[in-house]
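Trainee: I am attaching a structure below and will ask some questions about it afterwards.
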Amino acid sequence: MSISRRAYLSVAALAASSVAIAKTSGAAGVGRMASGLGLTESDLKSMAVLASDLEVVTVTDTSVAFTWATYAPGVQTAYGFAKPTIPASEEVRLALADGASLKTVHEGFSESGYHHVVIGGLEPDRTYRFECWSEGVKALPSLGVTMNKQAPEARGEFTTLPALEGHHLATFALTNDTHIGKPNHDGIRIGNFGLSAEPGDQPFSSMQLEGLLKTVATDEIGTIVVNGDCTDSNRPEEYDEFLRVMNGFGELGKQWFVTRGNHDNHPPGLPNINGRRGRGIRRGKTEIPDYFSKRLIPTQQHWTTQVGDVRLIGLDTAEFGYAGGRINERQMRAVRAELAADPERPTIMFAHHPFTRDAVRSHIGGPAFMMDWEQSLALQRVAAATPGVKGVFAGHTHRSRRGIADVGSTDFCERGSSLGYPGGYTRVRVHTDGYQVTFHRTRTPESLAWSTKTRWSMFGLEPELMLGKISDRNYVQHFRIPVAL
Ligand SMILES: [Fe+2]
Ligand SMILES: [Fe+2]
């Protein structure tokens, strides 16, 4: 049995936040989670299947995506070791909340027992009622975040995002934390059960990224940014593999772009590095080769590109040997100059490390895991003073969370990883009156199966930490950009 540092931190974070979960989960709260779905033993035995883990993972202005899993009768979910899913029928019923009764809008069957259904053709900014069913059993949520009385899964209602009416400027995809070469998924591992790829399977980090890129291409998006932790431990063969997979999508600097993460600055082969500055690695006890500079982007250099009518800027916030982030003076000067030369141009920035106090306070890794605070403030001030800068996206925490700017009103957001649960990419669609940010699960069968498996990471707690609220995963940020660009 092994427990990774991230798993340890996450379990500790969840324990520390259990009071909040109990509060937000309503009367059923922790007690309900502890006993699975709060159903009696005779309830469970009488069911043909248990339909559980209901999530409204994606909502756009015109579509919604539901997922749930079917388990053998009598199984209880929520937290614990992995439980096998069983094949079952699937049905989605839907209606406008202020309209007629529910109608069946999807019927199918899932051999894997993991159900992922996308319903399109919806009206923007409307509230819908829904139910998901398998074998005559209604699917129910099983997590604190989905049983919260405000959550769509608990209410049986969701609201589509408002449509952006302004001129379309650009659409691109975003992912982060691909961790190519990672041997096992984060979490508690017992033998090979639950969290590792099966012997003979493609390594899961490559499979996840390949599937993600296929999904992005199927969704007709031609540009993607990979926001750091491209490799797991900065080994040359991990870069070879990352490039092999990415080059299948297109060309670096044309179809795809990268920023550097802390894992791309690892002592090669070490799975984790100490997050605190001033310890052994900093003092030069460990030599760290700079493969990222040779293969991808030179160290501490930002890049800029134009996608449609939007400028994208990638920052290198990684520092050799540390989990936390830094931007050196030279890079900061260059970014200031870039923005000052064209301050009105619609701009979105990317950095692996989150910048806000909110990110620091809500993550057990604390300040040493995030951007240096003085530099965070400096960059937030630059963003706030530059009218064209609309958003700054981060990875690193592997969770979906909208941050709160400490200075100004720039949108700061952390995005879920490619690597494991819930496993998907972010679509950013920019118009002159705002941008729409939506999270989309990777839809290849292998990836959906992996998502089912990694739902049990960290004793089943991982989704509580990584999934975020529906409004973290899917939202519209309103702003106004003059049309003459
Ligand atoms: Fe990461
Ligand atoms: Fe990271």
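The values are calculated or read from the model by the stated rules, or taken from the named source; none is laboratory data. If you're wondering where the values come from, they're calculated on a predicted model, not measured in any experiment. Neighbour counts run over all protein chains shown; Cβ positions are idealised from the backbone, glycine included. When the accessible area is computed, the model is the full protein with side chains, heavy atoms only, and any ligands, DNA or RNA have been set aside. Shrake-Rupley method; radii C 1.70, N 1.55, O 1.52, S 1.80 Å.
Trainee: Just one of (1) touching an Asp or Glu at 6+ places or on another chain (Cβ under 9 Å); (2) free of Cβ contacts under 8 Å to residues at least 60 places away in the same chain; (3) in a loop (DSSP other than H, G, I, E, B); (4) within 16 Å of ligand 1 (Cβ to nearest atom) trips up PHE355, so point out which.
Mentor: (4)
Trainee: Going by what's in this entry, would THR178 be described as open to solvent by less than 10 Å² (accessible area, probe 1.4 Å), of a type outside the set (A, V, I, L, M), touching a Phe, Trp or Tyr at 6+ places or on another chain (Cβ under 9 Å) and not in a strand (DSSP E or B)?
Mentor: In short, yes.
Trainee: Still on this structure, please answer the following. Condition first: touching a residue at least 40 places away in the same chain (Cβ under 8 Å), out of contact with any Lys or Arg (no Cβ under 9 Å at 6 or more places or on another chain) and among the acidic types (Asp, Glu). Now tell me which residues in the stretch 215-237 satisfy that.
Mentor: GLU237
Trainee: Sticking with this one: Name every residue in the stretch 234-269 that is in contact with an Asp or Glu (Cβ under 8 Å, 6 or more places away or on another chain), within 16 Å of ligand 2 (Cβ to nearest atom) and either under 14 Å from LEU213 (Cα atoms) or hydroxyl-bearing (Ser, Thr, Tyr) (or both), in order of residue number.
Mentor: THR259
Trainee: Any idea which residue in the stretch 214-239 is nearest to ligand 1 (Cβ to nearest atom), counting only those that are part of a helix (DSSP H, G or I) and surrounded by 15 or more Cβ atoms within 10 Å (Cβ to Cβ)?
Mentor: GLU238
Trainee: Within the stretch 413-436, which residues are more than 10 Å from the chain's Cα centre (by Cα) and either more than 29 Å from GLY181 (Cβ to Cβ) or modelled with pLDDT under 95 (or both)?
Mentor: Correct list: ARG429, VAL430, HIS431, THR432, ASP433, GLY434, TYR435, GLN436.
Trainee: Conditions: (1) touching a Pro at 6+ places or on another chain (Cβ under 7 Å); (2) closer than 25 Å to CYS230 by Cα. GLY388 meets all but one. Number of the miss?
Mentor: (2)
Trainee: Within the stretch 296-350, take every residue that is among the β-branched types (Val, Ile, Thr) and open to solvent by 10 Å² or more (accessible area, probe 1.4 Å) and give me the one that is farthest from ligand 2 (Cβ to nearest atom).
Mentor: Step by step, filter the stretch 296-350, then rank; the result is VAL307.
Trainee: Got a sec? Which strands (runs of 3 or more DSSP E) wholly within the stretch 76-128 have at least 1 residues that are basic (Lys, Arg) and on the phi < 0 side of the Ramachandran plot?
Mentor: 88-96, 103-110
Trainee: Would you mind telling me which numbered condition in (1) touching a Pro at 6+ places or on another chain (Cβ under 9 Å); (2) under 21 Å from GLY395 (Cα atoms) PRO343 fails?
Mentor: Only one criterion in (1) touching a Pro at 6+ places or on another chain (Cβ under 9 Å); (2) under 21 Å from GLY395 (Cα atoms) is unmet by PRO343, namely (2).
Trainee: Within the stretch 152-175, work out how many residues are under 22 Å from TYR79 (Cα atoms) and surrounded by fewer than 23 Cβ atoms within 10 Å (Cβ to Cβ).
Mentor: 2
Trainee: Let me ask something additional. Please report, ordered by residue number, the helices (runs of 4 or more DSSP H) entirely within the stretch 390-485 with at least 2 residues that are among the aliphatic types (A, V, I, L, M).
Mentor: Because the criterion is at least 2 residues that are among the aliphatic types (A, V, I, L, M), the helices (runs of 4 or more DSSP H) in the stretch 390-485 that meet it are 445-454, 462-466.
Trainee: State all residues of the stretch 93-145 that are out of contact with any Phe, Trp or Tyr (no Cβ under 9 Å at 6 or more places or on another chain), small (Gly, Ala, Ser), exposed (fewer than 15 other Cβ atoms within 10 Å of the Cβ) and in contact (Cβ under 8 Å) with a residue 40 or more places away in the chain; if no residue qualifies, say none.
Mentor: GLY120, GLY121, GLY136
Trainee: From the residues in the stretch 370-389 that are open to solvent by less than 10 Å² (accessible area, probe 1.4 Å) and assigned to a loop (DSSP other than H, G, I, E, B), which one is farthest from ligand 1 (Cβ to nearest atom)?
Mentor: Among residues in the stretch 370-389 that are open to solvent by less than 10 Å² (accessible area, probe 1.4 Å) and assigned to a loop (DSSP other than H, G, I, E, B), the one farthest from ligand 1 (Cβ to nearest atom) is GLY388.
Trainee: Now for a different question. Run down PHE193, PHE249, PHE204 and say which single residue is of a type in the set (Phe, Trp, Tyr), open to solvent by less than 60 Å² (accessible area, probe 1.4 Å) and modelled with pLDDT under 95.
Mentor: PHE204
Trainee: In the stretch 457-467, is there at least one residue being of a type in the set (A, V, I, L, M, F, W, C), away from ligand 1 (no atom under 16 Å from the Cβ), open to solvent by less than 10 Å² (accessible area, probe 1.4 Å) and closer than 26 Å to GLY156 by Cα?
Mentor: Yes - at least one qualifying residue is present in the stretch 457-467.
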